[in-house]
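The values are calculated or read from the model by the stated rules, or taken from the named source; none is laboratory data. Just so it is clear, the structure is predicted and the values come from calculations on it, not from any experiment. In this analysis, Cβ positions are derived from the backbone assuming ideal geometry, glycine residues included, and neighbour counts consider all displayed protein chains. Accessible surface areas use protein heavy atoms only, side chains included; no ligands, DNA or RNA. Shrake-Rupley method; radii C 1.70, N 1.55, O 1.52, S 1.80 Å.
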Amino acid sequence: MRAIGRDPVFIEDGAGARMMDVDGNEYIDWVCSWGPLILGHAHPAIVDAVAEAVSSGTSFGAPTEREVQLAAEIVERIPSVQMVRMTSSGTEATMSALRVARAATGREKVLKFSGAYHGHVDGLLAEAGSGLATQGIPASPGVPEAATRSTVVAPWNDPDAVVEATERHELAAILAEPVPANMGLVPPEPGFLELLRRRADETGALLIFDEVITGFRVGRGGVQELSGVVPDLTIMGKVLGGGLPAAAFGGPPALMELVAPAGDVYQAGTLSGNPLAVAAGLQTLRLLDGRAYRKLERTTDALARGLREAAADVGCEVRVQSLTGLLTVFFSDAPVGDYSAARASDLEAFAAFARALLDRGVYPPPSQFEAWFPSLAHTHEDVEQTIRAAREAFAEVAAR
Ligand SMILES: *Cc1c(COP(=O)(O)O)cnc(C)c1O
């Protein structure tokens with residue numbers, strides 16, 4: 001909220017696509033907890049699932065049947081994932097997947113992309129997106145130099161830089177959000193994901209897709225299903241926990257059996273696979289069928305189209321980049337293909353737009369470097385009301 005010059009909004013409660021702040025203002029919520037709430041707030045089926053789970057004991061430190069059912073649901077949706085390890089956060093899942101990649105390859109270096117965010121893993125807080133981008137923090141103090149020394153950073157959508165980095169460095173892994181959503185939504189150019197796969201194969205690095213945002217959101221099997229580019233390891237989170245803390249990483253047995261106790265790559269977490277989070281996640285995935293994704297696509301498309309038209313009507317220059325369940329309004333006069341283009345957006349215009357929306361009961365991500373998260377709870381009327389508010393907000397920006 002500081003990025004748009006507003007005080008934080010304190011939330012009282014939420015229902016469906018709406019939430020209420022402590023001052024009694026109602027908002028159409030396009031953040032949805034930064035992605036997990038694909039069914040909206042307090043979905044009755046999730047509330048019931050969690051209530052039932054909580055009354056049966058909140059944590060055991062031993063396996064439960066539902067944990068296996070959730071793993072089976074993941075494996076069924078994502079063919080490249082045949083074994084799963086649960087964690088409580090995407091950060092942990094990333095950290096652990098990297099440990100497996102380093103153990104499997106006997107190498108240390110990892111290639112990541114500028115503007116990508118993979119949680120607050122020490123070594124990955126180099127040119128990271130999300131909150132660091134919003135707050136203009138290039139690298140976090142407190143991260144030892146030794147931690148980032150093995151991180152190689154390349155610009156997204158830059159084939160030459162990828163070829164050069166993979167030639168110059170012996171990499172354990174190429175780590176990518178296959179559709180980055182933490183510098184705003186910046187899809188890969190045609191052929192770019194294929195290049196990552198090819199360079200990983202040619203150089204003996206693993207390809208790791210961080211699908212914490214995109215997994216279970218852009219479609220049943222994430223970006224890897226849409227693109228046909230198959231990673232070695234996949235990191236999942238957000239939607240996977242249905243609004244409770246759950247994340248996971250997975251891949252084929254040849255890699256996952258390196259993880260203790262099957263192998264000797266240590267990984268653990270007291271509350272991993274926690275019964276409440278597993279109940280919420282399992283219920284969420286079970287409600288995400290083909291029909292649900294078609295509805296989410298229609299909602300996203302209608303919102304994207306409406307925002308584009310509203311901006312054009314009042315002469316406000318924006319680029320609306322979107323994919324099922326994800327969208328960013330860039331205040332830019334050209335398509336945004338990488339982090340430096342995202343950073344060149346008119347941040348003052350974005351801030352004015354976001355403030356104007358909040359004043360009209362619409363809650364967008366309060367940062368140019370984040371995505372809107374349409375959910376299945378958003379109705380046609382929510383979209384229409386948002387577009388009406390956006391038209392006025394764009395007009396205010398254009399008149400500045
Ligand atoms: C949110 C996010 C993470 C980190 O997940 P946490 O649960 O917040 O630790 C990792 N990768 C991506 C792509 C994310 O969007």
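Some observations on this one:
- Those helices (runs of 4 or more DSSP H) lying entirely in region 213-298 with at least 1 residues among the charged types (D, E, K, R), at pLDDT 95 or above and under 19 Å from SER322 (Cβ atoms): 222-227
- Matching entry among ARG66, ARG107 (being in contact with a strand residue (DSSP E or B) (Cβ under 7 Å, 6 or more places away or on another chain) and either over 27 Å from PRO366 (Cα atoms) or away from the ligand (no atom under 16 Å from the Cβ) (or both)): ARG107
- Restricting attention to region 33-48, the residues that are open to solvent by less than 50 Å² (accessible area, probe 1.4 Å) and either away from the ligand (no atom under 16 Å from the Cβ) or in the same structural domain as ASP13 (by TED's automatic domain parsing) (or both) add up to 5.
- Across region 308-316, not a single residue is classified as under 19 Å from the mean Cα position of the chain (by Cα) and buried (at least 20 other Cβ atoms within 10 Å of the Cβ).
- When region 155-171 is filtered for residues that are in contact (Cβ under 8 Å) with a residue 40 or more places away in the chain, open to solvent by 20 Å² or more (accessible area, probe 1.4 Å) and more than 15 Å from GLY204 (Cα to Cα), the ones remaining, listed by number, are PRO155, ASN157, ASP158.
- Residue match in region 157-170 (condition: within 16 Å of the ligand (Cβ to nearest atom) and either assigned to a strand (DSSP E or B) or under 27 Å from VAL329 (Cβ atoms) (or both)): no
- Residues located in region 355-385, provided they are more than 17 Å from GLN321 (Cα to Cα) and either in a helix (DSSP H, G or I) or at pLDDT below 95 (or both): ARG355, ALA356, LEU357, LEU358, ASP359, HIS380, GLU381, ASP382, GLU384, GLN385
- Applying the set (1) open to solvent by less than 10 Å² (accessible area, probe 1.4 Å); (2) in contact (Cβ under 8 Å) with a residue 60 or more places away in the chain to LEU357 leaves exactly one unmet item: (2).
- Residue within region 101-117 that is aromatic (Phe, Trp, Tyr) and open to solvent by 30 Å² or more (accessible area, probe 1.4 Å) present: yes
- Filter pass, MET19 being open to solvent by less than 40 Å² (accessible area, probe 1.4 Å), modelled with pLDDT of 95 or more, assigned by TED's automatic domain parsing to the domain that holds TRP372 and not in a helix (DSSP H, G or I): yes
Residue by residue, here is whether (1) among the acidic types (Asp, Glu); (2) within 19 Å of ALA248 (Cα to Cα); (3) part of a helix (DSSP H, G or I) holds:
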position	(1), (2), (3)
ARG85	no, yes, no
THR91	no, yes, yes
SER96	no, yes, yes
ARG102	no, yes, yes
ARG107	no, no, no
VAL110	no, no, no
TYR117	no, yes, no
GLY129	no, no, no
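- Set GLY131, GLY115, GLY90: member being within 12 Å of the ligand (Cβ to nearest atom), touching a Gly at 6+ places or on another chain (Cβ under 9 Å) and more than 13 Å from ILE208 (Cβ to Cβ): GLY115
- GLU194 falls short on exactly one of the conditions (1) more than 12 Å from the ligand (Cβ to nearest atom); (2) crowded, with 24+ Cβ neighbours inside 10 Å; (3) closer than 21 Å to VAL81 by Cα, and that condition is (2).
- You will find that of ALA395, ALA390, ALA344, the residue that is buried (at least 21 other Cβ atoms within 10 Å of the Cβ) and modelled with pLDDT of 95 or more is ALA390 and no other.
- Close pairs (9 angstrom Cβ cut-off, 6 or more residues apart or separate chains): in contact (Cβ under 8 Å) with a residue 24 or more places away in the chain and closer than 17 Å to ALA371 by Cβ in region 302-322, in a loop (DSSP other than H, G, I, E, B) and of a type in the set (D, E, K, R) anywhere: VAL318/ASP333
- Residue pairs whose Cβ atoms lie under 8 Å apart, sitting 6 or more positions apart in sequence or on different chains, and linking a residue in region 49-74 that is open to solvent by 40 Å² or more (accessible area, probe 1.4 Å) to a partner that is of a type outside the set (Asp, Glu) and part of a loop (DSSP other than H, G, I, E, B), are THR58/ASN274; SER59/THR270; SER59/LEU271; SER59/ASN274; GLY61/THR270; PRO63/GLY273; GLU67/GLY273.
- Test: residue in region 250-266 that is within 16 Å of the ligand (Cβ to nearest atom) and either closer than 20 Å to THR214 by Cβ or in the same structural domain as ALA17 (by TED's automatic domain parsing) (or both): yes
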